[in-house]
1. Zone of M214 (label point 7 Å along Cα→Cβ, backbone N under 20 Å): which residues in segment 118-133?
2. Of the options Q210, G118, P238, report the single residue whose Cα projects farthest towards the positive end of the charge dipole of the chain (beta-carbon charges: Lys, Arg +1; Asp, Glu -1).
3. Starting from a Cα-only point model with no solvent, please compute log10 I(q)/I(0) by Debye for the chain at q = 0.08, 0.11, 0.14 1/Å.
4. Ranked from highest to lowest mean number of other Cβ atoms within 10 Å per residue, what is the order of the peptides 157-165, 274-282, 185-193, 19-27?
5. How large is the helix-only mean residue ellipticity at 222 nm for the chain, computed as the sum of -39500 (n - 2.57) over DSSP H runs with n ≥ 4, divided by its residue count, in deg cm²/dmol to the nearest 500?
6. Sorting check: for 229-235, 297-303, 81-87, which peptide has the highest mean count of neighbouring beta carbons within 10 Å, and how do the rest follow?
7. Could you compute the FRET efficiency for L295 and A275, with r as their C-beta to C-beta distance and R0 at 45 Å, rounded to 0.05?
8. Find the centroid of the Cα atoms in segment 9-24 and in segment 199-256, then give the distance between the two in whole Å.
Amino acid sequence: MIRMVVMRLLLMLPILLGVSIVAFVLMRALPGDFAQAAAGTNLISPETLATIRHNLGLDRPVWQQYLQWIAAALHGDLGTSFVTKKPVAGELLPRLAVTAELTAIAGLMALAMGGATGLASARLRGTTDWVVRVLNSVLLAVPNFVIATLIVLLFGLYFPEIGIFNYVPFHTDPAGNLTSMLLPAISLALTVSVTISENTRAAVLEVSSQDYVMVAKAKGLRARTILGNYLLRNALTPVITVTGLQLAALLGGSILIESIFTIPGMGQYLFDSIAARDYPVIQAIVLVAATIVLLVNVLVDIAYARVDARVSYE
């Protein structure tokens, strides 16, 4: 087990290196730069733009800028924001905590909804199966930002007493914080729950036809015993994999969801930074998000190996 974890962590290094290079190069390939975005007008003189770029180091070759940034990042220095002139790490960490909370709540909701509907669809069949499949098809066709917009309109018109845009920090009021996160988490979780539901249904149906399940039924074991010891345990492996992969969808969806509900998380921070061409912030967010996704994949591999004894720890 330890060897497997070490190997997975080592494999993260070249992937993160590639992600950092791609993010660094693509940002500088976009039209315009921070100097032009900060000027806000085309009337500024070329000499002034050149001075701004020189002060920020943007006039140097891209490979020199990258080597300086990645060397500092390896020591925990993610750079200084062009806009606020403050260290990126200090501004990113509080926002990362907010996004992590939103993603965790949405992930738990998606896992609960998807697992329950998928299991009910596979076990009950008939009308229940038909209703679940129709609902999944509808939710899959509607993007999460559309769901978020509809929730904002619905609660704004018919339930104005419920605060939609009143984000409350956790350290100020834990109960109020969880309440303010509820609607954004639902918006984020609904689409992801469809994938979990469909994979749970398919996995349970596949396992139900296996010989060991048939033998357990022939022995007269209780339905609860068969469900817990034979069906769910063996159906968990694909569900675990899909659930881990959906983290990327949750992180990506949080960008728009946080903007719609004015949540001061990493997604809204990224959206504002792209508009301002704040390169250090964008690079840091991409690197941190990639690290989180890779770490979750490592945890998924560990969980997969623990659930399925046929998977080698090597």
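1. What the label zone holds, given the 20 Å backbone N cut-off, is 123.
2. Highest projection toward the positive end goes to Q210.
3. Scattering profile of the chain, log10 relative to I(0): -0.49, -0.85, -1.16.
4. 185-193, 274-282, 19-27, 157-165
5. On the way: 13 runs with 241 residues, N = 314.
Value at 222 nm, helices only: -26000 deg cm²/dmol.
6. Ranking, from highest mean packing down: 229-235, 297-303, 81-87.
7. With R0 = 45 Å, the Cβ-Cβ based efficiency is 0.95.
8. 33
Here, each number is a calculation from the coordinates, and none is a lab measurement. Remember, predicted model here, so these are calculated numbers, not experimental data. Reconstructed Cβ throughout: ideal geometry from the backbone, glycine too, with neighbour counts over all protein chains shown.
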